[in-house]
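The values are calculated or read from the model by the stated rules, or taken from the named source; none is laboratory data. None of the values given here were measured: they were computed from a predicted structure. So basically every Cβ, Gly included, is an ideal-geometry build from the backbone, and we count neighbours across all protein chains shown. For the accessible areas, the whole protein counts, side chains as well, though only heavy atoms, and no ligand, DNA or RNA atoms are used. Shrake-Rupley method; radii C 1.70, N 1.55, O 1.52, S 1.80 Å.
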Amino acid sequence: QVQLVESGGGEVQAGGSLRLSCVASGSDLRARTMAWYRQAPGNQREFVSSISTYGRTDYTDSVKGRFTISRDDAKNAVYLQMNSLKPEDTAVYYCNADLILGSNYYSDNYWGKGTLVAVSS
């Protein structure tokens with residue numbers, strides 16, 4: 001079945017970098033808008049970044065200039081390059097994507113299980 005699998009999370013020191021990856025697994029699918037969200041303990045899940053089918057990107061203000069989102073449609077993947085990480089970036093990062101399955105004329109929205117990013121001071 002279709003699923004989004006995140007990888008690349010881990011523990012880093014402030015100022016360090018990580019690259020998160022998310023791959024949509026499943027045969028015969030096409031990814032449309034793909035995005036990253038994050039959720040810290042006690043907080044609501046918040047939007048981090050998104051990239052449209054056309055490559056248009058959007059970022060929440062707190063990560064502008066530090067994070068870069070990109071996609072690889074051949075792999076049905078989305079990436080988040082995270083530089084100059086801060087302790088406040090610590091959260092579980094979730095991949096989100098609108099996927100078209102087979103010959104459907106509509107997309108469904110999917111969430112990954114999440115990957116932990118822990119930034120120490």
Normalised per residue, the volume of the convex hull around the Cα set of the stretch 40-87 (Å³)
98
What figure, in Å² to the nearest 10, do you get for the accessible area of residue 33 with a 1.4 Å probe and non-protein molecules left out?
50
How large is the translational diffusion coefficient of the stretch 8-59 in µm² per second when you combine the Kirkwood radius over alpha carbon pairs with Stokes-Einstein at 20 °C and 1.002 mPa s?
159
Of 75, 113, ordered by accessible area with the largest first and a 1.4 Å probe, the sequence is 113, 75
Show which lysines lie in cross-link reach of residue 113 when reach means a straight Cα distance below 16 angstrom and same-chain residues fewer than eight apart are skipped.
none
Sequence order, the stretch 81-87: Karplus ³J(HN,Hα) from phi using 6.51 cos²θ - 1.76 cosθ + 1.60, θ = phi - 60°, Hz rounded, Gly and Pro as x, gives 7, 10, 10, 6, 5, 10, x
Return the carbon/sulfur percentage of the accessible area of the chain, one whole number, probe 1.4 Å, all protein chains in place.
44
Residue 28 accessible area, nearest 10 Å², 1.4 Å probe?
110
Segment residue 3-residue 118, extension gain: residue separation times 0.36 nm, minus the distance between their alpha carbons:
39.0 nm
So for the stretch 1-103, considering every pair of alpha-carbon atoms, how many percent are separated by more than 16 Å?
55
Show me, for the stretch 68-77, the HN-Hα J-couplings you get by feeding each phi into the Karplus relation (A = 6.51, B = -1.76, C = 1.60, θ = phi - 60°), rounded to Hz, glycine and proline as x.
9, 9, 8, 9, 9, 5, 5, 10, 6, 10
Calculated from backbone phi, Karplus (6.51, -1.76, 1.60) coupling profile of the stretch 90-104 in Hz, x at Gly/Pro:
4, 4, 8, 9, 10, 8, 9, 8, 8, 10, 9, 9, x, 9, 4
Rg/Rh (Cα only; Kirkwood hydrodynamic radius) as it applies to the stretch 49-121:
1.01
Which residues in the stretch 63-87 place their backbone N less than 18 Å from a point set 7 Å from the Cα of residue 104 along the Cα-to-Cβ direction?
76-77
